[in-house]
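Following: one structure in structure tokens, then a few remarks.
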């Protein structure tokens, strides 16, 4: 018995070294991990929607390439966004092994895990092992991703900032004879909504004027807590809001908040909104469907270049984007998506080399987004792809297609789908150039001293915020209640802490 | 009990212990897998309780992290909501316990009295079905009933009620759905106990001319007493735990409903989902367990005072 076991182990050991030898033969770049010739397997956890059936095939193709190029194989686990948000933090907390994971401010909280030392400090390694990426991503973005002087993740370089606005069904606007060019602010929109209601009712339809209303999208401010819904705002002078505020303030305790809530509550009372806007907004599949079918006239979004064109392709009717603000670049925007390396990773250098490929290698960038040529897309010219394969493949049947795929890293340095405008990269540059940089870019709040307050406040905001901001309840009655509840939850302590950490 | 009744012969103490060990060996072995699982999954994780008093970070691990005193517990009592949450948790659970007891016992008796056993089985299956549904599914069933635009209730009655912001309605909605969902399961337990009652009692009662009502009153209900007490004491032990699915999914996390739907579990979830602090989560859980433990011991103590034989321990 013992003999047989030993024999088996020997055989296993031999086959492993044999395999390793095979891979090493094609390795043309010097391995930096000090284990020359070995193929390193990196465990990569990714969050993206949806999980496509052909993922394995694509990763196989990717491995073929990366084995040759940098001596790396990827052990890939992709989890849909809602599950990832629950699973990944648990895995990190319980000490499961991984090399690379996706993190952001909206999933697997980057700041929190960076503070807990779950991620590796990359500042020293970056220039050496991911030099191209390090040079390619603008300095402001690195600065914004820095926590306590250390970089814990490689941010996705895409649009730098966020910009809110309204997507409008322009075909319907034309049909009803509505002039959208006059709309500059939400107040201007009242006339549009009134016209939509009147015209659609005359046509015997019941059209919802607008959905997705959110204070933070309508009235921009710099969010110093990194979570726009948490109190701790700072005025950005270019927008002309909150001019009477000095230093850090509670955005819910402002005239702007009262005005905004009053406006949308009037809309609600006038029947411009869904009768249950909170539930309506949370069901985005239903909203998209209504927008497509002309039951919803418009909705508020956070915009990125090319998004309107994509929406046209999706809905089959004209879509116009009405910006409500110029783009604003805050610290949190660097945290829309990052790839972090585990502090426990055995091959951090290899992990960075791989992340570097994701960001700079056109083959890898295109493969991971659009899949395999001839199976998931056809090439169009030098630098475009067609995910419908010349109209023969229904996007719904495509086995692998993350058209935009910024979660994998920068969407530049890859082939764009033909549904994007020709000048898409210029549009991005234009967007980034027009962005206003927030006054405290790079500031991140260390929330440990105020965890108790944040816990209580988060719950309070969730109770009052959505109902007030979607116009469902009367602000004159609810805002005072809201403010009282916030103050009971320790909002002043939070604001003081933010001010103290800002050094003001 | 059986082994204790045999008196060991004097001077052979050591031998008898070995004898009993050998005698009970098959039983011990049979119990072993369950015991091992208990130790692995119920007792060993108890050491994690210290997390409630620690400022956890991954690098130092569970045991290495710095102590934090009672700071992790603060947020539970910090807001004015604290008492609303506690009140909701206890009152809802109290209502569930009482109503579940009444309905389950009634239903079990009714099902048992059905002449057609096939019909009884069909009803039983129907009552049981919702128990296997997840709260997410139930929440969509509820939404299709209560949605303001397309909901069945609004359509059927010609109303325009925004159910998801009507505080007054929700205590009833929650209770109805909870009972609807769990009644089948409890009924089966009581039904099992009823089937176990010897027919002799009923025959004797018939001889004496007892009516159906008298049979239920004087035979069935007393026979079910032990079961009722055990199930109730166990339920009381969990009175400080709220069914997260019920209170979070069913009201669709609707803010205006918080005053009537916020319970300890949903509060902890909302409070911690942003900063994901394990220590604070452990603190909440320890608090719940502790209160549950005290309640079980007290209610058991009360039962002992009244009727010693019915007590759980």
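Condition test on residue A:74, is it part of a helix (DSSP H, G or I) and away from chain B (no Cβ under 14 Å)? Steps first, please.
Details: part of a helix (DSSP H, G or I): no; away from chain B (no Cβ under 14 Å): yes.
Criteria not met by residue A:74.
Restricting attention to the stretch B:216-257, report how many residues are assigned to a helix (DSSP H, G or I), within 14 Å of chain A (Cβ to nearest Cβ) and touching a residue at least 12 places away in the same chain (Cβ under 8 Å).
6
Looking at (1) crowded, with 18+ Cβ neighbours inside 10 Å; (2) in a helix (DSSP H, G or I); (3) in contact (Cβ under 8 Å) with a residue 12 or more places away in the chain, can you tell me which one residue A:413 breaks?
Among (1) crowded, with 18+ Cβ neighbours inside 10 Å; (2) in a helix (DSSP H, G or I); (3) in contact (Cβ under 8 Å) with a residue 12 or more places away in the chain, residue A:413 violates only (2).
Sort out for me the helices (runs of 4 or more DSSP H) sitting completely within the stretch A:425-504 that have 3 or more residues that are farther than 30 Å from residue A:276 by Cα.
On the way: elements: A:451-469, A:475-488, A:491-502.
Filter on the stretch A:425-504 gives A:451-469, A:491-502.
Out of everything in the stretch A:80-107 that is at the interface with chain B (Cβ under 10 Å from one of its Cβ atoms) and within 12 Å of residue A:342 (Cβ to Cβ), what residue ends up being nearest to the chain's Cα centre (by Cα)?
In this case the residue turns out to be A:92.
Filter the stretch B:44-56 for residues that are crowded, with 17+ Cβ neighbours inside 10 Å and out of contact with any strand residue (DSSP E or B) (no Cβ under 8 Å at 6 or more places or on another chain); which is farthest from residue A:345 (Cα to Cα)?
B:52
Within the stretch B:67-87, track down each residue that is in a loop (DSSP other than H, G, I, E, B) and more than 10 Å from chain A (Cβ to nearest Cβ).
Taking the stretch B:67-87 as the starting set, the residues that turn out to be in a loop (DSSP other than H, G, I, E, B) are B:68-70, B:79-80.
Selection gives B:68, B:69, B:70.
I'd like to verify a number: residues in the stretch A:332-346 that are under 21 Å from residue A:359 (Cα atoms) and more than 14 Å from every other protein chain (Cβ to nearest Cβ), how many?
Qualifying residue count, the stretch A:332-346: 7.
If I ask for residues that are in contact with a strand residue (DSSP E or B) (Cβ under 7 Å, 6 or more places away or on another chain) and within 25 Å of residue A:163 (Cα to Cα), which ones from the stretch A:197-217 would you list?
Of the stretch A:197-217, the ones in contact with a strand residue (DSSP E or B) (Cβ under 7 Å, 6 or more places away or on another chain) are A:197, A:207-214, A:217.
Passing the criteria: A:208, A:209, A:210, A:211, A:212, A:213, A:214, A:217.
If you check B:62, B:90, which single one turns out to be at pLDDT 80 or above and either surrounded by fewer than 19 Cβ atoms within 10 Å (Cβ to Cβ) or closer than 17 Å to residue B:284 by Cα (or both)?
When all the criteria are applied, what remains is B:90.
All but one of (1) surrounded by fewer than 18 Cβ atoms within 10 Å (Cβ to Cβ); (2) in contact with a helix residue (DSSP H, G or I) (Cβ under 8 Å, 6 or more places away or on another chain); (3) in contact (Cβ under 8 Å) with a residue 60 or more places away in the chain hold for residue A:434; which doesn't?
Exception for residue A:434: condition (2).
Which one is surrounded by the most Cβ atoms within 10 Å (Cβ to Cβ) among residues in the stretch A:277-298 that are in contact with a helix residue (DSSP H, G or I) (Cβ under 6 Å, 6 or more places away or on another chain) and within 11 Å of chain B (Cβ to nearest Cβ)?
That would be A:279.
Scanning for something at the interface with another protein chain (Cβ under 9 Å from one of its Cβ atoms), buried (at least 19 other Cβ atoms within 10 Å of the Cβ), at negative phi and assigned to a helix (DSSP H, G or I), does the stretch B:282-291 turn up at least one residue? Full working, then the answer.
So in the stretch B:282-291, the residues at the interface with another protein chain (Cβ under 9 Å from one of its Cβ atoms) come out as none.
Within the stretch B:282-291, not a single residue is at the interface with another protein chain (Cβ under 9 Å from one of its Cβ atoms), buried (at least 19 other Cβ atoms within 10 Å of the Cβ), at negative phi and assigned to a helix (DSSP H, G or I).
Is there a residue being within 19 Å of the chain's Cα centre (by Cα) and more than 30 Å from residue A:276 (Cα to Cα) anywhere in the stretch B:241-249?
Yes: one or more hits.
How many residues are assigned to a helix (DSSP H, G or I), at the interface with another protein chain (Cβ under 10 Å from one of its Cβ atoms) and touching a helix residue (DSSP H, G or I) at 6+ places or on another chain (Cβ under 6 Å) when one looks only at the stretch B:138-173?
Of the residues in that region, 4 qualify.
Is it true that some residue in the stretch B:296-312 is within 14 Å of another protein chain (Cβ to nearest Cβ), under 18 Å from the mean Cα position of the chain (by Cα) and part of a helix (DSSP H, G or I)?
no
Mind checking whether some residue in the stretch B:259-266 is more than 14 Å from every other protein chain (Cβ to nearest Cβ), at pLDDT 85 or above and assigned to a helix (DSSP H, G or I)? Reasoning before the result, please.
Within the stretch B:259-266, the first condition is being more than 14 Å from every other protein chain (Cβ to nearest Cβ), and the residues that meet it are none.
No, there is no match, as no residue in the stretch B:259-266 is more than 14 Å from every other protein chain (Cβ to nearest Cβ), at pLDDT 85 or above and assigned to a helix (DSSP H, G or I).
Being modelled with pLDDT of 90 or more and surrounded by fewer than 19 Cβ atoms within 10 Å (Cβ to Cβ) narrows it down to one residue among A:346, A:309; which is it?
Being modelled with pLDDT of 90 or more and surrounded by fewer than 19 Cβ atoms within 10 Å (Cβ to Cβ) holds for just one of A:346, A:309, which is A:346.
(1) within 30 Å of the chain's Cα centre (by Cα); (2) part of a helix (DSSP H, G or I); (3) modelled with pLDDT under 90: which one isn't true of residue A:49, the others all being true?
Every listed condition holds for residue A:49 apart from (2).
Can you tell me which residue among B:145, B:174 is within 28 Å of the chain's Cα centre (by Cα), in contact (Cβ under 8 Å) with a residue 60 or more places away in the chain, surrounded by 15 or more Cβ atoms within 10 Å (Cβ to Cβ) and at negative phi?
Just a single option satisfies the conditions, and that option is B:174.
Would you pick out the residues in the stretch A:477-496 that are away from chain B (no Cβ under 12 Å), surrounded by fewer than 22 Cβ atoms within 10 Å (Cβ to Cβ) and in contact (Cβ under 8 Å) with a residue 12 or more places away in the chain?
A:479, A:483
Inside the stretch B:36-66, can you point out the residues that are free of Cβ contacts under 8 Å to residues at least 24 places away in the same chain, within 25 Å of residue A:119 (Cβ to Cβ) and part of a helix (DSSP H, G or I)?
B:61, B:62, B:63, B:64
Are any residues in the stretch A:450-473 at positive phi and within 7 Å of another protein chain (Cβ to nearest Cβ), and if so, which ones?
Across the stretch A:450-473, there are no qualifying residues.
Quick check, is residue B:41 within 30 Å of residue A:96 (Cβ to Cβ) and either surrounded by 15 or more Cβ atoms within 10 Å (Cβ to Cβ) or modelled with pLDDT under 85 (or both)? First the steps, then the outcome.
On the way: within 30 Å of residue A:96 (Cβ to Cβ): yes; either surrounded by 15 or more Cβ atoms within 10 Å (Cβ to Cβ) or modelled with pLDDT under 85 (or both): no.
No; evaluated as a whole, the condition is false for this residue.
The values are calculated or read from the model by the stated rules, or taken from the named source; none is laboratory data. Note that the coordinates shown come from a computational prediction; the quantities given were computed from them, not determined experimentally. Heads up, the Cβs are rebuilt from the backbone with ideal geometry, glycines too, and the neighbour counts pull from every protein chain shown.
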